[in-house]
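The values are calculated or read from the model by the stated rules, or taken from the named source; none is laboratory data. Nothing here was measured: the structure is a model prediction, and the numbers come from that model. Here the Cβ positions follow ideal geometry from the backbone for every residue, glycine too, while neighbour counts run over all protein chains shown.
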Amino acid sequence: MALTHEQREAFETQGYVNLGPVFDPKELDEIAREYDRLVNFEAQTLGNEQDGVFPYRAMLNFRSPRLAACILEPALLEIAAQLLGDDVRFWWDQGINKAPGSGSPIAWHQDNGYQKGRTAAFLTFWLALDDSDLANGGLQVLPHSSADGLLPHEWRGVHAVIPDDAIAVDRAIPLDARAGDVLLFSSLLVHQTAGNHTADRQRRAWVIQYCPGDMRNEDTGEVYDNRPWAIRGGKFASQLEAERPFDLQRDRA
Ligand SMILES: O=C(O)CCC(=O)C(=O)O
């Protein structure tokens, strides 16, 4: 599944594109079952009690061979190769379930804002497991913001946040998705997710990210060779393997 000319142009100019369904209904069902098993059990809790919290869990692939296999899904890798070239590593995955009443937002940020050292742009594939819109905690984006490079972030608890007065929030648009859609966006796209203020609509999303094979922490020079290869020398990997092990406590960013 390569990007069409129009999709690529949309990605390159706006910073995002809705790819539509990438996984078939049976795969989606399997993903959702594994996701529910992992994200609703022993997850970290994000958000604040007053607005309503939600579960977050990083690296679901560590605990699910089924999900690990999805990370090497050729449809995703074909697009990653198109945009990042012949050498691509898997960077990160995470599940966030904004269940009804999870009113806390995740404020404006670029995914690079969470990284130590100014790293290169990487790719986020945001798989909607439920219909997602502003009412149930969906994404809002600032179109074209990926062209401006990395903006200053400040830490608010565990979140890297761009202060509202540093960006044109009045230009934000909702990025709705149907269950099964994959939203592709640049790690430099400024985005946030709203709180889920509905009574009965879940908003589960599984995020899968890929980075250039030679991505390094620009402060320390460290190459992220603890991230497994997804594509090496143009060849798609058949399993997730890196030069050194990844430690979820030590290597979070
Ligand atoms: O899914 C969410 O609610 C937040 C996603 C997000 O902001 C991200 O993946 O960077």
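Specify which of the listed residues (PRO100, PRO143) is more than 23 Å from VAL190 (Cβ to Cβ), surrounded by fewer than 19 Cβ atoms within 10 Å (Cβ to Cβ) and either away from the ligand (no atom under 13 Å from the Cβ) or modelled with pLDDT of 95 or more (or both).
Among PRO100, PRO143, only PRO100 is more than 23 Å from VAL190 (Cβ to Cβ), surrounded by fewer than 19 Cβ atoms within 10 Å (Cβ to Cβ) and either away from the ligand (no atom under 13 Å from the Cβ) or modelled with pLDDT of 95 or more (or both).
Which of the residues belonging to the stretch 186-195 are assigned to a strand (DSSP E or B) and more than 9 Å from the ligand (Cβ to nearest atom)?
SER186 - this is the single residue of the stretch 186-195 that is assigned to a strand (DSSP E or B) and more than 9 Å from the ligand (Cβ to nearest atom).
Check whether at least one residue in the stretch 58-66 is touching a residue at least 60 places away in the same chain (Cβ under 8 Å) and either among the basic types (Lys, Arg) or at positive phi (or both), and report yes or no.
yes
Tell me, which residue of the stretch 161-208 that is under 15 Å from the mean Cα position of the chain (by Cα) and of a type in the set (S, T, N, Q) is surrounded by the fewest Cβ atoms within 10 Å (Cβ to Cβ)?
GLN192
Collect the residues in the stretch 101-129 that are within 20 Å of ILE173 (Cβ to Cβ) and part of a loop (DSSP other than H, G, I, E, B), keeping them in residue-number order.
Of everything in the stretch 101-129, those that are within 20 Å of ILE173 (Cβ to Cβ) and part of a loop (DSSP other than H, G, I, E, B) turn out to be PRO105, GLN110.
With the condition being out of contact with any helix residue (DSSP H, G or I) (no Cβ under 9 Å at 6 or more places or on another chain) and among the basic types (Lys, Arg), I'd like the strands (runs of 3 or more DSSP E) fully within the stretch 41-100 carrying at least 2 qualifying residues.
88-98
Mind listing whichever residues of the stretch 158-175 are in contact with a Pro (Cβ under 9 Å, 6 or more places away or on another chain) and either in a helix (DSSP H, G or I) or over 25 Å from ASN18 (Cβ atoms) (or both)?
PRO163, ALA166, ARG171
Tally up the residues in the stretch 1-39 that are assigned to a strand (DSSP E or B) and buried (at least 16 other Cβ atoms within 10 Å of the Cβ), please.
Summing the residues that are assigned to a strand (DSSP E or B) and buried (at least 16 other Cβ atoms within 10 Å of the Cβ) in the stretch 1-39 gives 5.
Yes/no matrix, rows are residues, columns are (1) more than 16 Å from the ligand (Cβ to nearest atom); (2) more than 22 Å from ILE231 (Cα to Cα); (3) buried (at least 21 other Cβ atoms within 10 Å of the Cβ); (4) more than 18 Å from the chain's Cα centre (by Cα):
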site: GLN44; (1), (2), (3), (4): no, yes, no, no
site: TYR56; (1), (2), (3), (4): no, yes, no, no
site: ALA68; (1), (2), (3), (4): yes, no, no, no
site: ALA75; (1), (2), (3), (4): yes, no, no, no
site: PHE90; (1), (2), (3), (4): no, no, yes, no
site: GLN94; (1), (2), (3), (4): no, no, no, no
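Filter the stretch 103-133 down to residues that are more than 12 Å from the ligand (Cβ to nearest atom) and hydrophobic (A, V, I, L, M, F, W, C) and give me whichever is surrounded by the most Cβ atoms within 10 Å (Cβ to Cβ).
ALA121
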